[in-house]
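The values are calculated or read from the model by the stated rules, or taken from the named source; none is laboratory data. Quick caveat: nothing in here was measured; it's all calculated off a predicted structure. Backbone-built Cβ (ideal geometry, glycine too); neighbour counts: all protein chains shown. With ligands, DNA and RNA removed, areas are computed over all heavy atoms of the protein, side chains included. Shrake-Rupley method; radii C 1.70, N 1.55, O 1.52, S 1.80 Å.
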Amino acid sequence: LSIVSYFLIPTFYDKDRIRSYLEENIFNKYNLNVKFEDELGYGLFPKPHFYSKKTKILYNEKDILYSNNSKIYISIKNYFSSDPKINKLIFKNNEFNIDLDSFNFFKMLFNSNDKKHKIFFSDSKMFFKDKSNEVIFISKIEKLNFIKENEASDQLAKIIFKIFNLPFSVFKSLISYSASNC
């Protein structure tokens, strides 16, 4: 009976309600203004999650990220609830559109929450633009991870990227990261 109910739970979710619930909870927990452009799908394996093929993240009312594959993992503890708890966000095949005004988006992610959360970006391209919206350079970001284990631990960021085809890797504790370092 529990196995059958495990597979049937997604049929009872109201898709419009879940979409607005996920967008609101991602904003409250991660401070990300996410808009799902495509219909939300539901996956059971390896862990229960919702996914979307077209997702936008807005910052200061600009489209800062377009993701071709986003996954929102939910807690197995309240899997049977109509309001599932979000555990982790994964965005793959992304396009970041960054300029000097929106570069603070990353700083905001560093300092966004005091709760346990994980955000992962992979297989991304970052288009850094000037004031006239001309692309200055393109960077390939293989991995960009933001992790905070608990309130007492440091916020951690790990980034593996390339600028002008030169590979870089950074792993930084961000709790003491100040605005003067930007």
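Derived scalar couplings between HN and Hα for the stretch 96-106 equal 8, 10, 10, 10, 4, 5, 9, 5, 5, 3, 5 Hz in order, rounded to whole Hz, by the Karplus curve 6.51 cos²θ - 1.76 cosθ + 1.60 (θ = phi - 60°), x for Gly and Pro. Between residue 95 and residue 12, the FRET efficiency from the beta-carbon distance, with R0 = 30 Å, is close to 0.30. Between residue 27 and residue 3, the C-beta separation translates, for a Förster distance of 45 Å, into a calculated FRET efficiency of about 0.85. Cβ-Cβ distance of residue 68 and residue 140, R₀ of 22 Å, FRET efficiency by 1/(1 + (r/R0)^6): the value works out to about 0.90. In this simple spin-label model, placing a label point 7 Å from the Cα along the Cα-to-Cβ direction at both residue 54 and residue 38 gives a separation of 0.9 nm. Just the protein heavy atoms count here, and of the accessible area of the stretch 20-105 at 1.4 Å, carbon and sulfur take up 46 percent.
The largest accessible area among 38, 14, 101 belongs to the first residue in 101, 14, 38, and the rest follow in falling order (1.4 Å probe, all chains). Modelled spin-label separation between residue 133 and residue 77, with each label point placed 7 Å from Cα along the Cα-to-Cβ direction: 4.6 nm.
Proximity of backbone amide H atoms, modeled 1.01 Å from N, is registered between residue 87 and 73, 74, 75 at under 5 Å, excluding neighbours fewer than 5 places apart on the same chain.
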